[in-house]
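Notes for the one structure printed next.
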Amino acid sequence: MLETDDLIDLEISAGEELARLEAEQQTDASSREAVSPDKAIGRLSRLDAMQMQEVAKEAGRQREMRIHRLREALRKMDLGEYGLCTACGDWIELERLKARPEILQCGRCVIE
Ligand SMILES: [Zn+2]
């Protein structure tokens, strides 16, 4: 069971992380618009540019996933359903939640 103090801490860190990721996503979107594909290549070879684009796309995908999960975590906090493992229904270890507030499963259910 989560203590109120811990829950407040987690809500703050989830909210801050979400705001940070959303800001990052915003910056990313505007910098992509600012540089046209032709100019972006510059000194890099076309292959390098394509690889970098793939890496950036993947990072964007990961970030979108985390944003989605953080929103879900905050919603669960509002509902009072936060901190329960989606696999076994047991409480998720506090240390895990502190490391990644959006985590959905306890250490016994997820092998990382
Ligand atoms: Zn579990």
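The values are calculated or read from the model by the stated rules, or taken from the named source; none is laboratory data. Given the structure is predicted, the values throughout are model-derived calculations rather than measurements. When we count neighbours, we look across all protein chains shown, and the Cβ atoms used for this are built from the backbone with ideal geometry, even at glycine.
When you scan the range 79-112, how many residues do you find that are over 30 Å from D28 (Cα atoms), acidic (D, E) and either loosely packed, with under 12 Cβ neighbours inside 10 Å or more than 16 Å from the ligand (Cβ to nearest atom) (or both)?
Total meeting the criteria: 2.
I'd like the full set of residues that are touching a helix residue (DSSP H, G or I) at 6+ places or on another chain (Cβ under 7 Å), closer than 18 Å to E22 by Cβ and not in a loop (DSSP other than H, G, I, E, B), limited to the range 53-111.
Those that are touching a helix residue (DSSP H, G or I) at 6+ places or on another chain (Cβ under 7 Å), closer than 18 Å to E22 by Cβ and not in a loop (DSSP other than H, G, I, E, B): G60, R63, R66, I67, L70, R71, A73, L74, M77.
I'd like to know if the range 30-51 contains one or more residues that are modelled with pLDDT under 90, out of contact with any Cys (no Cβ under 7 Å at 6 or more places or on another chain) and at positive phi.
yes
Looking at the range 54-71, which of its residues are loosely packed, with under 14 Cβ neighbours inside 10 Å and not β-branched (V, I, T)?
Residues satisfying the conditions are E54, A56, K57, E58, A59, R61, Q62, E64, M65, H68.
Within the set of pairs 6 or more residues apart or between chains, which connect a residue that is hydrophobic (A, V, I, L, M, F, W, C) inside the range 1-26 to a residue that is surrounded by fewer than 14 Cβ atoms within 10 Å (Cβ to Cβ) with Cβ atoms less than 9 Å apart?
Every condition considered, the pairs that remain are M1/W91; L2/W91; L10/K98; L21/E64.
Can you tell me how many residues within the range 70-80 are among the charged types (D, E, K, R) and farther than 13 Å from L10 by Cβ? Please lay out each step first, then the result.
Step one: of the range 70-80, the residues among the charged types (D, E, K, R) are 71-72, 75-76, 78.
Next, from what is left, pick out any that are farther than 13 Å from L10 by Cβ: 71-72, 75.
Result for the range 70-80: 3.
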